[in-house]
Amino acid sequence: MPPQAPNPDPVEFLEADICALPSVLQQIVEMAHLRDPSTGTYAHPAIPSRSRAEAVQDKLRRLHERAFRHWLQMGLEAKKADFDIYLSGLSVPRTKVLETWRSLEPYRCFAPASASPAERELFISDMEMLLLSEQHAEDHSQTPQSMAGLEPAHGDEILTLKEVAAKLRVAARTLRQWAEVGIIPAFKLGRQWRFRRTDIENWLRGGADRRKIDG
């Protein structure tokens, strides 16, 4: 009788299932959901055996850390595409998810325990930026792509990224990201982002109007 092959390790199957998820963000969310919020320990219902609890805990912790740091190393366009993949794979309407994330901010609990304060802040900033991008799309505001190549209106002052960042009191890196994903009206002259003063004033006025409505 031929020797039987050893039974496959369920913990290794667990890793394969997690890594097969189509989005890095989905991997992060899945791991965060498998972590007990009271104790910080990980467990998986498919492996209830207490004898494997330590192996499951170690594996899920490592997978969580790996997915989280992979996300942080991704470029802005890749993060936006990954975010879209995550949303499209959910069984609830996209608008409902976005509304919930804006109000409850569950993404603040998605980081692994080993994440540094700077890493947590960067991840939260990414989520806030992506939600702002979705809000911009919902508002049907003018995007940088539609403005690219247009000549400024006569007498309309053109501002640099540094000038607008100082006016809005945000980091230049943040403002550049807003421009790239269409949160704020902008256009490119060569490789540099530029902003019309009237566009920025209207954008600020529109944000204030939305806050009045929301309030």
**Asked** Quick one: what pairs do we get from segment 16-30, first residue under 17 Å from MET74 (Cα atoms) and touching a residue at least 12 places away in the same chain (Cβ under 8 Å), second surrounded by 19 or more Cβ atoms within 10 Å (Cβ to Cβ) and small (Gly, Ala, Ser), C-beta under 7 Å, 6+ apart or different chains?
**Response** VAL24/ALA67; GLN27/ALA67; ILE28/ALA67
**Fill in**
Scanning segment 60-108 residue by residue, the ones that are assigned to a loop (DSSP other than H, G, I, E, B) and hydroxyl-bearing (Ser, Thr, Tyr) total 1
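To keep it simple, each residue is scored yes or no on (1) of a type in the set (Gly, Ala, Ser); (2) touching a Ser or Thr at 6+ places or on another chain (Cβ under 8 Å); (3) exposed (fewer than 12 other Cβ atoms within 10 Å of the Cβ).
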residue: SER38; (1), (2), (3): yes, no, yes
residue: GLU54; (1), (2), (3): no, no, yes
residue: PHE68; (1), (2), (3): no, no, no
residue: LYS79; (1), (2), (3): no, no, no
**Asked** Has segment 14-22 got at least one residue that is closer than 26 Å to GLU180 by Cα and not polar (S, T, N, Q)?
**Response** yes
**Complete:** The correct count of residues that are over 23 Å from GLY40 (Cβ atoms), touching a residue at least 60 places away in the same chain (Cβ under 8 Å) and more than 12 Å from the chain's Cα centre (by Cα) in segment 69-127 is 1
**Message:** Can you name every one of the helices (runs of 4 or more DSSP H) wholly within segment 112-215 that holds 1 or more residues which are among the charged types (D, E, K, R) and modelled with pLDDT of 80 or more?
**Reply:** 117-138, 161-168, 172-181, 197-214
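The values are calculated or read from the model by the stated rules, or taken from the named source; none is laboratory data. Every value quoted in this text rests on a predicted model; they were computed, and no experiment measured them. Every residue, glycine as well, gets a Cβ built from its backbone with ideal geometry; the counts of neighbours run over all protein chains shown.
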